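Taking it in order: structure first as structure tokens, then the write-up.
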């Protein structure tokens with residue numbers, strides 16, 4: 001019997017709140033996490049329900065999407081998700097969640113940006 005290789009499927013989610021517009025939050029995240037690679041594509045309306053921008057081009061095969069609304073109300077805030085931008089064939093996929101790591105990383109990288117609050121989930 002042939003052994004099926006496996007590959008980690010790295011995914012992550014971070015929840016934030018801010019009174020900044022989505023493009024402004026995206027610019028700060030671009031500098032803090034992605035080496036200046038821009039998040040854009042708001043006009044493409046990748047989600048019907050909420051505004052969203054995404055990392056273009058993906059970095060190391062990962063897509064990052066920032067979605068949501070500005071504000072500090074119960075239904076307001078932003079969610080940054082990171083997931084593979086491709087499918088690996090002929091391997092068993094093992095999901096590895098990076099939520100805690102991304103939350104700690106963003107809290108550290110945004111410590112001088114008091115206009116964005118990273119939430120613990």
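The values are calculated or read from the model by the stated rules, or taken from the named source; none is laboratory data. In this text, all values refer to a predicted model and were calculated from it rather than measured experimentally. Methodologically, a virtual Cβ is constructed for each residue, glycine included, from the backbone with ideal geometry; neighbour enumeration extends over all protein chains shown.
In this structure, is residue 40 without any contact (Cβ under 8 Å) to a residue 24 or more places away in the chain and in contact with a strand residue (DSSP E or B) (Cβ under 8 Å, 6 or more places away or on another chain)?
When the stated conditions are applied, residue 40 passes them.
Within segment 38-61, being closer than 21 Å to residue 103 by Cβ and either part of a loop (DSSP other than H, G, I, E, B) or at pLDDT 90 or above (or both) holds for 39, 50, 52, 53, 54, 55, 60. In segment 34-52, which residues are surrounded by fewer than 19 Cβ atoms within 10 Å (Cβ to Cβ), within 13 Å of the chain's Cα centre (by Cα) and within 22 Å of residue 120 (Cα to Cα)? Matches in segment 34-52: 34 only.
Table: residues versus (1) more than 13 Å from the chain's Cα centre (by Cα); (2) assigned to a loop (DSSP other than H, G, I, E, B); (3) crowded, with 18+ Cβ neighbours inside 10 Å.
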residue: 16; (1), (2), (3): no, no, yes
residue: 30; (1), (2), (3): no, no, yes
residue: 64; (1), (2), (3): no, no, yes
residue: 87; (1), (2), (3): yes, yes, no
residue: 96; (1), (2), (3): yes, no, no
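Contact map, segment 76-96: residues that are free of Cβ contacts under 8 Å to residues at least 40 places away in the same chain paired with residues that are surrounded by 15 or more Cβ atoms within 10 Å (Cβ to Cβ) and not in a strand (DSSP E or B), Cβ distance under 7 Å, separation 6+ or inter-chain. Pairs shown: 85/58.
Taking the conditions (1) in contact (Cβ under 8 Å) with a residue 40 or more places away in the chain; (2) not in a helix (DSSP H, G or I) in turn, residue 25 satisfies each one other than (2).
Check whether at least one residue in segment 100-112 is in contact with a helix residue (DSSP H, G or I) (Cβ under 9 Å, 6 or more places away or on another chain), at pLDDT below 95 and not in a helix (DSSP H, G or I), and report yes or no. No: zero hits. Residues that are assigned to a strand (DSSP E or B), at negative phi and touching a helix residue (DSSP H, G or I) at 6+ places or on another chain (Cβ under 9 Å) within segment 66-83 comprise 66, 67, 69, 78, 80, 82, listed in sequence order. Looking at the structure I just gave you, is residue 105 under 25 Å from residue 31 (Cβ atoms) and touching a residue at least 24 places away in the same chain (Cβ under 8 Å)? Yes, satisfied.
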